[in-house]
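Colleague: Can you keep this structure in mind? I'll have questions shortly.
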Amino acid sequence: VFGAARNAMNDFARRAASRAVFASTRDRGRRRARRRAQRRARSARDASGGANFERLIRQNEWLFPQPERDDEREALDAFWLAKGARDERQRARLVAMGRELASGVAERELYGDADALGHATRRLEAMFPRGTDVAKMLWHCPEVLQLPLSEVARRLIALKRAFPRVNAERVLEGNPRALLMDDLSVVADAVDELQLEFPRVDMVAVIEFEPHVIQRALPARVRALKSIKPCDRSASLRAFYPPRVDDPPSFEPMKNAQLFAKVFLLTTECSFPRGDV
């Protein structure tokens with residue numbers, strides 16, 4: 001009985017050893033096959049110049065935009081969410097703006113790093129009175145961050161001098177591109193022309209309601225408006241003009257600043273788009 005048991009155990013051990021040898025041989029064969037396939041792929045890539053191209057990319061990676069890591073994108077998304085950007089599509093544009101705006105390594109580091117972006121935003125916030133929504137400015141015009149703080153201060157003072165009765169901070173929240181304009185005096189003269197053309201309308205209220213009135217195209221818009229013959233004016237535009245001789249005695253021109261802003265921009269929209277600032 002013991003001899004039969006011993007023989008059975010020996011047979012089992014031999015079969016197990018045989019299976020182990022077979023599995024080891026099979027694994028070595030598979031590894032050899034994979035290595036041969038990798039060598040063939042490398043040879044084919046080398047023959048087509050792929051290896052040289054990849055080596056060129058690695059050696060000059062600073063010339064090419066690098067893909068953002070998921071953690072970087074998540075950090076930037078969280079930064080803009082904390083700054084009040086609730087719309088997901090808007091945050092996606094803000095996260096991607098580093099690739100769109102940055103022309104140099106320093107700018108890529110600024111727009112692509114949440115910590116650097118937060119530091120730059122806090123410095124910019126220090127330039128404005130408490131309560132100014134600087135983050136909202138950056139949503140609409142992130143290029144503002146590229147300005148040195150001294151230049152921001154100079155341009156803010158210039159804006160206040162050009163429009164002394166206007167709340168400059170409120171205007172910049174809605175139209176931060178006004179901070180990038182160099183010809184504010186010309187635009188201010190155009191606003192004065194509008195005021196003379198429509199004496200009953202408060203142009204300060206117009207600007208504060210619709211900050212995009214302050215734009216480079218404003219002088220041309222005013223010229224286009226003044227060139228419209230009285231008989232060709234729309235009813236909505238005529239409602240803001242002072243009464244003419246043939247108007248009824250009861251006619252009173254409108255002075256609603258919000259409505260005037262919309263009528264003015266729409267009337268001149270065909271030649272000078274609202275976004276042309």
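Each reported figure results from applying straightforward, stated rules to the coordinates on display, with no laboratory input. Note that the structure is a prediction, hence the values are computed from the model and not measured. Heads up, the Cβs are rebuilt from the backbone with ideal geometry, glycines too, and the neighbour counts pull from every protein chain shown.
Colleague: Among 207-216, 164-173, how do they line up by average Cβ neighbours within 10 Å per residue, starting with the highest?
Modeller: So the peptides 207-216, 164-173, ranked by packing, come out 207-216, 164-173.
Colleague: What's log10 of I(q)/I(0) for segment 147-277 at q = 0.16 Å⁻¹, Debye sum over Cα points only, no solvent?
Modeller: The calculated log intensity ratios at q = 0.16 Å⁻¹ are -0.78.
Colleague: Can I ask one more? Quick check: Cα centre of segment 206-227 to Cα centre of segment 70-94, how many Å?
Modeller: 33 Å
Colleague: Let me ask something else about it. By per-residue mean of other Cβ atoms within 10 Å, what is the highest-first order of 222-235, 78-91?
Modeller: 78-91, 222-235
Colleague: Follow-up. Could you compute the net charge surrounding ALA190? Neighbours are other residues with a C-beta less than 12 Å from the C-beta of ALA190; K and R count +1, D and E count -1.
Modeller: Once all neighbours under 12 Å are counted, the net charge is -1.
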